[in-house]
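Read-outs: derived from the displayed coordinates by stated rules, not from any lab. As the structure is a computational prediction, the values presented were derived from the model and not from experiment. Glycine also receives a Cβ, built like all others from the backbone with ideal geometry; neighbour counts cover every protein chain displayed.
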Ligand code: MLT
Ligand code: ZN
């Protein structure tokens, strides 16, 4: 990378301040500190400034200035990355660009079923705006109250409804992006068909801010569900959960909106650490499945579907016990048990996360084999697998053994990830299903994506960002 001037370069800070004004520039360490640490507290970076532009023109001017000074830029949304994707480096040379002030829903079109939202709109606010127009913005993740549109798209987030609606990528019709040289690409087209050259928008989705900064997007909406049914089931094994998922999909393929797995260990953490969490079924179990059925069709009688499939599963021993939500409050209480998994795990102690995917049918093998591999490596380690069984993405997380120091456990991170990844590779999976690569996993790229694939990625990066100023140190090794 070319020489970068000292980050405290007063010229640059003065020029940035002239663009974004006093409100838009933070330089005091106490003000910048929250932007320098990731949600998991894996990284404590330093930055000379956090710039908070109010609109695309300001952001473009900021990027142009930084590029001109060859000062790296780290885009940051809600700062909920699981892989340090939005955290600056420790050397204090990278400027953080926060999208938080660019938080307007520009429009919602219930006829075209699209919305235009700026990058800094919290995802839940975007969902609410869609709901106000009687539409659904499908993607749902645990951090949606904090995570923002730009970050969700840059990470190509997945979440709980991928089996029905796809990843963030599948919701994007158009984008507005500030390129590494400060040019603005206005690709905010709301077209369902548009075969006019390379599909640029998909290059920026999932690029984790390494190719440019997404400033706004045209998102696809779906019809709002008219009936929703949710059940929490205690099941005897992962294989039983898997078979239950298959049965629901066979019974009514269009109705399954989420199918999540949780191990007893993770459920135990939620019940212990999350105020108000309680188990709606009699006995704690070693395995749980959460199923959500939803349909925009009126009179679809999803309750009957739910009961029919569950009754047969109970008879066949695939389900041990089940609680069916009778109200919206109960539906939310069941979802809370799933959505608080990451937070509860954080409160329990140090954890190593493996956000992996395998073909859906191989999930039981993944959990069985990865558990055995980790227990062999660190006796007493607590496996906490949970996640999106319906699409094959499991968070195969490990919690420190009781009585261990956090630091001693985290020193084993690499060995643990290697052990899990060896199983994942055998099963034809991926080492990062939905959290991305960020700062945590670029070192894994050569082994998993090396050769022609990584070479093409590097060439794309060099073509768009020849000075390497866009979120350096992320994704590419
Ligand atoms: C989730 O689905 O809750 C997350 O992606 C959390 C995690 O990996 O811990
Ligand atoms: Zn997840």
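A few notes on this one:
- Three-way shape label, segment 292-392, alpha-carbon gyration tensor, a/c 1.5: prolate
- Ratio Rg/Rh, restricted to segment 365-477 and using Cα atoms, in which Rh is the Kirkwood radius: 1.04
- Value of [θ]222 nm, deg cm²/dmol, for the chain, DSSP H segments ≥ 4, -39500 (n - 2.57) each, nearest 500: -10000 deg cm²/dmol
- Each eigenvalue of the Cα gyration tensor of the chain, multiplied by 5 and square-rooted, gives one semi-axis; in descending order these are 38, 27, 20 Å.
- Ranked by how many other Cβ atoms sit within 10 Å of their own Cβ, fewest first, the residues 189, 439, 224 fall in the order 189, 224, 439.
- Distance between the modelled labels on residue 169 and residue 70, one decimal in nanometres: 3.4 nm (7 Å Cα→Cβ projection).
- Exposure proxy shown here: for 402, 375, the number of other Cβ atoms within 10 Å sets the order, fewest to most, as 402, 375.
- Exposure proxy ranking for 123, 39, 185, based on other Cβ atoms within 10 angstrom of each Cβ and starting from the fewest, stands as 185, 39, 123.
- Centroid-to-centroid, using Cα positions, segment 84-119 and segment 392-446 are 28 Å apart.
- Degrees between helix 328-339 axis and first principal axis of the chain (Cα, 0 to 90, nearest 10): 70
- Expressed to the nearest 5 percent, the antiparallel share of DSSP beta bridges inside the chain is 90 percent.
- For segment 44-192, convex hull of alpha carbons as volume per residue, Å³: 105
- Volume per residue that the Cα convex hull of segment 304-361 spans, once the total is divided by residue count, Å³: 150
- Crossing angle, helix 363-377 versus the chain [Cα axis fit, 0-90 degrees, rounded to tens]: 70
- For the peptides 231-240, 297-306, the ranking by packing is 231-240, 297-306, with the highest mean count of neighbouring Cβ atoms within 10 Å listed first.
- Percentage of interatomic Cα-Cα distances in segment 242-322 larger than 18 Å: 48
- Helix 123-132 vs. the chain, principal-axis angle (Cα, 0 to 90°, nearest 10): 70
- Segment 1-111 - convex hull of the alpha-carbon atoms, volume per residue in Å³: 129
- If the Kirkwood radius is taken over C-alpha pairs of segment 150-305, then at 25 °C and 0.890 mPa s the Stokes-Einstein diffusion coefficient equals 133 µm²/s.
- Kirkwood-type radius of segment 162-218, with distances r between different C-alpha atoms, in Å: 11.9
- Added length on full extension, which subtracts the Cα-Cα distance from 0.36 nm per residue, residue 411 to residue 194: 73.2 nm
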